[in-house]
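Chemist: Submitted below is the structure of interest, expressed as structure tokens.
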Amino acid sequence: RSYDVGDTFEIRVNSAGQIEYLKDSKIRYRSTKTVTENLQVSVSIRGSSTGIILSDIQWVGKSSYCNQIVCTTVEECKTAGACLDGVCSTPQDATDGTSCNDGNSA
């Protein structure tokens, strides 16, 4: 399915616990099942000569939130955070004895 530049999309859980898919504030589809856990959506969005194409729309459950997430740090003397429910924790100071150079001689 193709969409036009400027179209807006929303995926939400309504008060009855059902997932609704909206385009330009109009409900296009409402699930018949209710949500039983927190969900995240995985979707591919790409442009084409005829508009924007959404594909591979998938709901991912809590157990797969961290499957494709790699937590990193940009500071040499920090350890990368850990992924929990799709969010990386704050990088922590490296343990004593870890070889690093942060410019701090202390």
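The values are calculated or read from the model by the stated rules, or taken from the named source; none is laboratory data. Every value quoted in this text rests on a predicted model; they were computed, and no experiment measured them. Please note: Cβ atoms are built from the backbone with ideal geometry, for glycine as well, and neighbour counts cover all protein chains shown. Keep in mind that these areas ignore ligands, DNA and RNA; they rest on the heavy atoms of the full protein, side chains included. Shrake-Rupley method; radii C 1.70, N 1.55, O 1.52, S 1.80 Å.
Chemist: Determine which single condition Ser48 fails, assuming it passes every other condition in (1) modelled with pLDDT of 75 or more; (2) over 18 Å from Arg12 (Cα atoms).
Modeler: Here Ser48 clears every test but (1).
Chemist: Tell me which residues, restricted to the stretch 53-84, are at pLDDT below 75, loosely packed, with under 10 Cβ neighbours inside 10 Å and part of a loop (DSSP other than H, G, I, E, B).
Modeler: Correct list: Val74 only.
Chemist: Within the stretch 2-39, take every residue that is hydroxyl-bearing (Ser, Thr, Tyr) and modelled with pLDDT of 85 or more and give me the one that is least open to solvent (accessible area, probe 1.4 Å).
Modeler: Residues of the stretch 2-39 hydroxyl-bearing (Ser, Thr, Tyr): 2-3, 8, 15, 21, 25, 29, 31-32, 34, 36.
Filter once more, so that each one left must be modelled with pLDDT of 85 or more: 15, 21, 25, 29, 31-32.
Numbers: Ser15: 131, Tyr21: 58, Ser25: 99, Tyr29: 124, Ser31: 20, Thr32: 122 Å².
Restricting to residues being hydroxyl-bearing (Ser, Thr, Tyr) and modelled with pLDDT of 85 or more, the top hit is Ser31.
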